[in-house]
Amino acid sequence: MTRRNFRKIVIEDKVYKWQFNSIIQICPEGLYNNKLEIDFGYYDSWLYVNDKENEPEDYEPKIVTPDFVRLGIETALQMGWNPNAKQGNFQLKYRNQQFNKENKP
């Protein structure tokens with residue numbers, strides 16, 4: 001995860017940096033090996049034009065705002081994400097207006 005193009009958000013006096021492409025990536029400032037990743041359902045439909053059977057499930061597009069990122073961070077903290085750890089990868093999936101913890105390897 002590069003440090004460029006990160007946005008800053010402060011929650012309970014702790015600074016986090018975040019960015020998104022197909023997923024939202026969040027890390028505490030200075031601890032870039034400790035990541036929170038939020039899969040909010042985005043995918044590029046052009047990648048599946050000729051491969052409809054492997055197209056991901058439909059989703060309600062979510063506009064990624066600082067409030068949504070804040071809610072994701074607060075939810076991850078409640079679910080056990082430790083932003084003070086030196087490294088780690090905590091993953092959430094957002095579907096049907098709720099966050100769920102992912103158990104990906």
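The values are calculated or read from the model by the stated rules, or taken from the named source; none is laboratory data. All of these numbers come straight from a predicted model, not from anything done at the bench. Here the Cβ positions follow ideal geometry from the backbone for every residue, glycine too, while neighbour counts run over all protein chains shown.
Listed conditions (1) loosely packed, with under 14 Cβ neighbours inside 10 Å; (2) out of contact with any Lys or Arg (no Cβ under 8 Å at 6 or more places or on another chain) are all met by residue 20, apart from (1). Here is the figure for the stretch 83-105: residues that are in contact with a Gly (Cβ under 7 Å, 6 or more places away or on another chain) and either part of a loop (DSSP other than H, G, I, E, B) or of a type in the set (A, V, I, L, M, F, W, C) (or both) total 2. Listed by first and then second residue, the pairs linking a residue in the stretch 35-48 that is buried (at least 20 other Cβ atoms within 10 Å of the Cβ) to a residue that is modelled with pLDDT under 80, with Cβ atoms under 6 Å apart and 6 or more places separating them unless they lie on different chains, are 40/62.
Name the single residue, out of those in the stretch 1-10 being of a type outside the set (D, E, K, R) and modelled with pLDDT of 95 or more, that is surrounded by the most Cβ atoms within 10 Å (Cβ to Cβ).
Among those residues, the one meeting the criterion is 9.
For (1) under 14 Å from the mean Cα position of the chain (by Cα); (2) at positive phi; (3) modelled with pLDDT of 95 or more, each residue gets a yes or a no:
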{"residue": "16", "(1), (2), (3)": "yes, no, yes"}
{"residue": "21", "(1), (2), (3)": "yes, no, no"}
{"residue": "31", "(1), (2), (3)": "no, no, no"}
{"residue": "41", "(1), (2), (3)": "yes, yes, no"}
{"residue": "50", "(1), (2), (3)": "no, no, no"}
